[in-house]
Each structure stands twice: as C-alpha cells, then as structure tokens.
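Written below as structure tokens is the structure these notes are about.
The values are calculated or read from the model by the stated rules, or taken from the named source; none is laboratory data. All figures in this text were calculated on a predicted structure; none of them were measured in a lab. Cβ placement follows ideal geometry from the backbone for every residue including glycine, while neighbour counts extend to all protein chains displayed. When the accessible area is computed, the model is the full protein with side chains, heavy atoms only, and any ligands, DNA or RNA have been set aside. Shrake-Rupley method; radii C 1.70, N 1.55, O 1.52, S 1.80 Å.
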Amino acid sequence: MKMSKLFVQTLREFPSDAEVISHKMLVRAGFIRKLTSGVYNYLPLMWRVLKKIENIVREEMDFAGAQELLMPFVQPKELWEESGRWGAYGGELMRLKDRHGREMCLGPTHEEIITAIARDGLKSYKQLPVNLYQIQSKFRDERRPRFGLLRGREFIMKDAYSFDTTQEGLEKEYQNMWKAYSKIFKRCGLDTKAVQSDSGAIGGSVSHEFMVITETDAGENDVFYCDCDYAANSNHAVSKLPEAKIIGDYTKAEIVDTPSTHSIEELCEFLNIPSTLIVKTLVYIVDKKPVLALIRGDKQIEETKLLNAVGGVDIRIAVAGEIEELLNVEKGFIGPKEGLTIVADETVKDMKNFVIGINQIDKHGVGYNWGAEVQLPEIVTDIRLVEAGELCTQCGKPLKVTRGIEVGNIFQLGTKYSKPMNAVYLDQNGKAQPYVMGCYGIGISRTAAAAVEAHYDEKGIKWPLSIAPYHAIVIPVSTKDEQQMKVAEDIYKTLIKHGVEAVIDDRDERPGVKFKDADLIGFPYRITVGKSISEGLVEFKVRETDEMSAIKPEDAAEIVITAVNNLK
Ligand code: ATP
Ligand code: MG
C-alpha cells in the first residue's frame, strides 16, 4: 500500500470530546470517526485491526471445537417474551416497530435466538454437546456511551453459546472456553486476569470476566484480588471484615436530638461514637419503586448486589425531592419504614445498642436493638462494597484493588433460557430434557481499544504485531532521491513477497511529518532509507521499544519477515 493512497487522515490534535487514551489515539490517528453518540465508523485502518482480532478469535474458537454461524441483527419480540426478557431487559434494549406494527429489537445479545435455533435442530442427546458462535455488531442503548470503542452503543462482539446434557458437560466446556480465551487475548498482545463476576441481565450463576488491568480511567471495573488466586469484580467481591466495635455503650433506648447531623461524620462527631455503631439507611429507586438499604455506618452499598437482592433490573440512588416525598424527612435522618422494601446488609445483623435514623428531622434513635425498638428486615444479605485492605475470605490476607477493562466473559447459564423457552432434547430414555447452556462473549471492538490502552506512548499507538493494521512502513526520506527510492521500493517489494503487510511512504513530505505519522498510527516496524544508504545502511526502528539501529536493508527485511512468519 502506498501511503499517498492509504485512506487515512491524521489530526494535529486530540479530539476535545475524548477522555481516555484509546479514544484520543484512535480518532487522532485516523482509525475511527464518530457518526453519532456511541456509534463509530471503522475506517480502513481500524477495520484491518478488527478483522485481525476477529480472525484470532475465529481460529481459537474453531480450534476449541465451536462452529461459526450468523444470526440476524434484528430480533422479534415474541422470542424475548418466551424468555421473559422483553419486560425484564432495561433501557439498553433498543425496541422498534416494523410497518405492520410488529415489535422488534436490535440484538444486544442472542440467547433467545440461539436457543430457538437449538430447539429446532438439536433434538437428541446424540447431537450434543454443541458450541455455536458468531461475530457480529450488537446494539445496546447504553446509559452512558463513552470512551470511544470501549463503551459504544453499536459494537462488535463474538458471542458463543454451548449446549450440553449435564452440568458436568457445561463445566468442561466452560474450562475449554477459559483456555481458548486465555490464548486469544495472549495472541492479541494483552495480559488478562480472569475474575469472578456478577451475571447481570444475562443471568446464570457462575461467571468470570477477562480483564485487562489498567490503572487509568479507561478501566471501568474495580477488581479486588489477593496473592492467593482470588480475584473478583467489585460487583461480586466478598471479604471478611476486621474486628470493630459494633456493640454500643448506650444503656437504654431513647430518641435524642442530633441537630443538623446530615452525614455519618457529623453524627459520629456529635455523639462522639465510631461510625461502626450507626445503622445507615439509604434510599434507592429500583425499577421505579423505592428500596431502603441498611448498612453499617462505615461501609458503602454495592448497587449491583442490592439490585440482585431484590431481583430488579434498573437501580439508582434517590434524589433529595424523592426522599422527602417518600419519608417526609431529609438526608441524614432516614430510617427503616414499614410498608417499603428494605434490605439489610449482613454488617448490621450483629450490631447492638446502635444508633439509627427514625425519619424525624434532627433526631436519632440511640441504644436501639433488633427485635426491640426496630425489626430486622426480612432480607438480610451481602450488599456491601468491598474495600481494599479488608480480608480475603479464601486466605485471610488483605485484598488489593486495581482497575480493569472487561474484554470478555464466560457464563454458566444452566437452564435459564432452555426451561422457559421449552428448548429440549430427548435423553437416552426418550425423555425430554432442557439443554444445559453456557454463553461466552468477547468484545472485539473493545479489545482493539484495550490494546491501545495497553500499548501507547505520547507519540501514538504501539500496535502488537499480531493485530497491527500493517506490520511495517518503509520510509524513503527523500522521494526525489533515486537511490533512496529504489532501495525503499526493493525492500517494500521483498516484504510484500514474503507475506508482510507493508506500507511505503511515497509522499513528498518532510521526514519529520512522515515519522510523526508512522509513530502515531503505530506501525510495529519502520525502515527508513536516508543518506546512510550510500554506506549500505538503513535505519530500523521497533515501535514497541523505540529502539533504533543502522543495519543492512536485507537484514531489516529479514527481521520483519521472520517476526511476521512467527505469528502463524
Ligand atoms: P459491561 O459490564 O462492560 O457493560 P457486559 O457485562 O454488559 O459489559 P456482556 O453482555 O457480557 O458485557 O458482553 C460481552 C462482551 O461484550 C463484554 O465482555 C465486552 O467486551 C463487550 N461489550 C459489552 N458492552 C459493550 C459496549 N457497550 N461497547 C463495547 N463493548 C462492549
Ligand atoms: Mg453492559
């Protein structure tokens, strides 16, 4: 490819609306252009990267025994009603009507469709197990599309679905996919950590996410991990709490004045007690209905855990006006109220002689106990956000925290879809049984962006060779210099002949401009033909390390050809 013909427009500056590195770099280097919120054009360079990731995924999925198919992007409401998700899936589901008024949605995921395919075609135990996958665009009307390709509304995903006759079979396939995922991400030049996670809207019980660890804002997930093998997303992480004072010194229960104590800190100071003696009440709105959450004063609520505790879809914290309308009280004095759904975190269960809001402004109950002045709610479960330094439940050591970008995940679905959709096969005794299913996703476009987050410097992207849009660029410093041009063209032709994807920068531009573009776009190898060609040398640069050396043209070509051949 000639640089003069390559469809790419690099920008002088980073786009002003981009917050994270991958978004900034991919726009500036001419890989993507925004069409509308969360929807991007993948320009030729980007498409090459995406196809490479897709092909790695394809090779490893095929090697693992899965079979590729392609399902439609538009899905009918009826199947979603069978699974019960038409009503249950939140605002992310993009619903539409056709000209006959039939309701449809844009596929955010394909459990319903694949289950219907299986139920038509997999009728006997003899046909199982099967793992089917596709690579396709998905649409989710994300509440906050941001960070470019990391959280788009339209994005490319590989989604695979397995069908087994037993839980053991499913677990075996789960391990098989785990292995395939480890290979896929390694081949894409990414270090990943598999962490336990919440199963969210897709459902099921056991699931793991593959995280690219990054300390930057691009990592939207907090990952808690330990020196032992424990690692979990914050929405699923558990811990043991260190000892704390949870039995108050109050000798009798009474209502005391606590003027203007709007926060836990203010209340602690006013009463001169540690926050571990306070039962804190927070108001959430889950699927438009209020839910009160109780937790020890020094701890925070984990919203996904709370959502799961009440079996909801959508959760947010209540705002000031709502709290007043509901409880006739303001923040700081909220307490449990009969008639509302209340969930207590396990931390409050063993507290005694505690302090608690009683829905009266400027007052609190002190010396209260469960079963006496106030009832312990029916739902008592873990809704607590783990904090670094709390203790690992596996080995007792303090947990550490880091941030991660979820590039893939694997779920054990069990019969969550096959049962309601009556998707069955006949077992050895001729009895109808629901499939035991698993599902396995990889964000193809998110993986590309994560690779940029993991490989860049201030000058631009450093693509891993395996997913780079082109492997190498050959730069003649002066296109007017015949000898330089001839050597550059020879190298270029040799590279192409040996299967290297190369670009020759034939533009009549200053060398500085050419070098800048090469660094920004992130070609893994750069071969520059300049004045030193009179001594038989070219400049060879490895983008990952920025190492440069003066070597013979044929040696430079040889290094690149060998590296590319080693990819296979
Ligand atoms: P997240 O928690 O980040 O929203 P998810 O749990 O909703 O992800 P899945 O439904 O399991 O994701 O989808 C499988 C994969 O698709 C994810 O691991 C991720 O790599 C990718 N993915 C999900 N949502 C998006 C998005 N909005 N933009 C880009 N990739 C996405
Ligand atoms: Mg999501």
Legend entry - Solvent-accessible area per residue for the stretch 482-522 (1.4 angstrom probe, square angstrom): 50 Å²
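From Cα pairs below 8 angstrom and at least 6 apart in sequence, can you work out the relative contact order of the chain, rounded to a whole percent? All intermediate terms of the calculation are to be shown ahead of the outcome.
Details: 1216 pairs, mean separation 94.0, N = 568.
Relative CO of the chain lands at 17 percent.
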Legend entry - Nearest-ten-degree value, helix 553-566 long axis tilted from longest Cα axis of the chain: 40 degrees
Inset, instruction - List the relative contact order of the stretch 128-228 as a percent without decimals, with contacts defined as Cα pairs under 8 Å and 6+ residues apart. - result: 19 percent
Inset, instruction - Show 417, 525 ordered by accessible area, largest first, where the area counts protein heavy atoms only and the probe is 1.4 Å. - result: 525, 417
Inset, instruction - Tell me what the chain gives for mean residue ellipticity at 222 nm when only DSSP H runs of n ≥ 4 count, each as -39,500 (n - 2.57), the sum divided by the residue total, rounded to 500 deg cm²/dmol. - result: -8000 deg cm²/dmol
Legend entry - Calculated FRET efficiency for the pair residue 68/residue 92, C-beta based, R₀ 22 Å, to 0.05: 0.30
Inset, instruction - Give the angle, between 0 and 90 degrees and rounded to the nearest 10, that separates the Cα long axis of helix 44-63 from the longest principal axis of the Cα atoms of the chain. - result: 70 degrees
Inset, instruction - Evaluate 2.2 N^0.38 Å with N set to the residue count of the stretch 413-469, then give the Cα radius of gyration divided by it. - result: 2.11
Inset, instruction - Determine how large the accessible area of residue 324 is when every protein chain is in place; take a 1.4 Å probe and give Å² rounded to the nearest 10. - result: 80 Å²
Inset, instruction - Write out the trypsin sites (Lys or Arg not before Pro) in the stretch 282-325 meeting two conditions: DSSP loop, and at most 13 other Cβ atoms within 10 Å of their Cβ. - result: 288
Legend entry - Percentage, to the nearest whole number, of Cα pairs in the stretch 229-310 over 18 Å apart: 56 percent
Legend entry - Antiparallel content of DSSP bridges confined to the stretch 428-568, in %, to 5: 60 percent
Legend entry - Relative contact order of the stretch 262-314, pairs being alpha-carbon contacts under 8 Å that are 6 or more residues apart, as %: 29 percent
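To check you understand DSSP bridge types, tell me what percent of the beta bridges within the stretch 209-357 (both residues inside) are antiparallel, rounded to 5. Show your work: numbers first, answer last.
On the way: 14 of 21 bridges.
Of those bridges, close to 65 percent are antiparallel.
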Legend entry - Percent of alpha-carbon pairs separated by more than 20 Å within the stretch 117-227: 56 percent
Legend entry - Residue-normalised accessible area of the stretch 147-200, given per residue in Å² at a 1.4 Å probe: 39 Å²
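Under a 1.4 angstrom probe, counting protein chains only, how are 110, 236, 100, 208 ranked by accessible area, largest first? Before the final figure, lay out each step's value.
Values: 110 0, 236 65, 100 125, 208 30 Å².
My answer, sorted largest first, is 100, 236, 208, 110.
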Inset, instruction - Return the inverse of the average 1/r over all pairs of distinct C-alpha atoms in the stretch 23-118, which is the Kirkwood hydrodynamic radius, in Å to one decimal. - result: 16.3 Å
Legend entry - Between 0 and 90°, nearest 10: helix 511-521 axis offset from the chain longest Cα axis: 40 degrees
Inset, instruction - Note the per residue figure in Å³ for the convex hull of the C-alpha positions in the stretch 430-532. - result: 138 Å³
Inset, instruction - Quick one: grab Rg to one decimal and Dmax as a whole number for the stretch 330-449, Cα atoms only, in Å. - result: 23.4, 69
Inset, instruction - State, in angstrom, two size descriptors of the stretch 129-179 derived from its alpha carbons: Rg to one decimal place and Dmax to the nearest whole number. - result: 15.0, 41
Inset, instruction - Beta carbons within 10 angstrom, averaged per residue: use that to sort the peptides 111-121, 154-164, highest first. - result: 154-164, 111-121
Legend entry - Cα coordinate range in the stretch 196-334, projected on the principal axes (Å, largest first): 51, 37, 29
Legend entry - With all protein chains modelled, accessible area of residue 82 [1.4 Å, Å²]: 70 Å²
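Using alpha carbon coordinates only, what is the Rg to Rh ratio of the chain, with Rh defined as the Kirkwood radius?
Expressed as Rg/Rh, it is 1.06.
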Inset, instruction - Could you tell me which Cys residues in the chain have no other cysteine's Cβ under 4.7 Å from their own Cβ, answering none if every one has a partner? - result: 105, 188, 268, 439
Legend entry - the stretch 1-75-the stretch 379-452 distance, computed between alpha-carbon centres (Å): 27 Å
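Expressed as a whole percentage, what fraction of the accessible surface of the chain belongs to carbon and sulfur atoms when a 1.4 Å probe is rolled over the protein heavy atoms? Write down the numbers at each step before the final one.
Numbers: 12800 of 25890 Å².
Its accessible area is 49 percent carbon and sulfur atoms.
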